[in-house]
Amino acid sequence: MLKEIKYLLFIVVILLFIFFTGKYYFSDENIKKSYRSYKDIDKKIKIYSKKLPVLENDTQNVIEYVKQTNKKKKKKFNFWKLLEND
């Protein structure tokens with residue numbers, strides 16, 4: 001009997017938690033606050049982006065290209081032949 005009451009109490013507490021969380025999350029007050037915070041973040045980003053310094057491009061002629069030729073003979077390796085020799 002005590003075990004069933006304990007389980008019933010757990011279920012009631014969990015359902016109340018879900019109900020009050022959903023009620024707060026979907027309330028008009030919370031929705032308004034979230035939209036206001038999104039607008040504030042956008043304003044802060046715009047203000048911060050105006051203060052950012054612009055750096056000069058100093059990467060001109062940094063890459064040096066090396067001419068490679070494919071005239072060298074490459075030795076072909078066969079894995080199976082290496083095993084056969086042993």
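Values quoted throughout were computed directly from the atomic coordinates according to the rules given, and no laboratory measurement underlies them. Just so it is clear, the model here is predicted, and its values are computed rather than measured. Cβ: placed from backbone, ideal geometry, glycine included. Neighbour counts: every protein chain shown.
Details
- Fewest neighbouring Cβ atoms within 10 Å first, the residues 65, 35 line up as 65, 35.
- Extension gain, residue 23 to residue 60, is 7.4 nm, computed as 0.36 nm per intervening residue step minus the present C-alpha separation.
- For residue 39, the aspartates and glutamates whose Cα falls under 17 Å of its own Cα, not counting residues fewer than eight places away in the same chain, are 28, 29.
- Diffusion constant of the chain at 20 °C, which comes from Stokes-Einstein with the Kirkwood Cα-pair radius and 1.002 mPa s, µm²/s: 95
- By the helix-only formula, in which each DSSP H run with n ≥ 4 contributes -39500 (n - 2.57) and the sum is divided by residues, the chain has a 222 nm mean residue ellipticity of -21500 deg cm²/dmol.
- Shape of the stretch 29-72, Cα gyration tensor, a/c cut at 1.5: oblate
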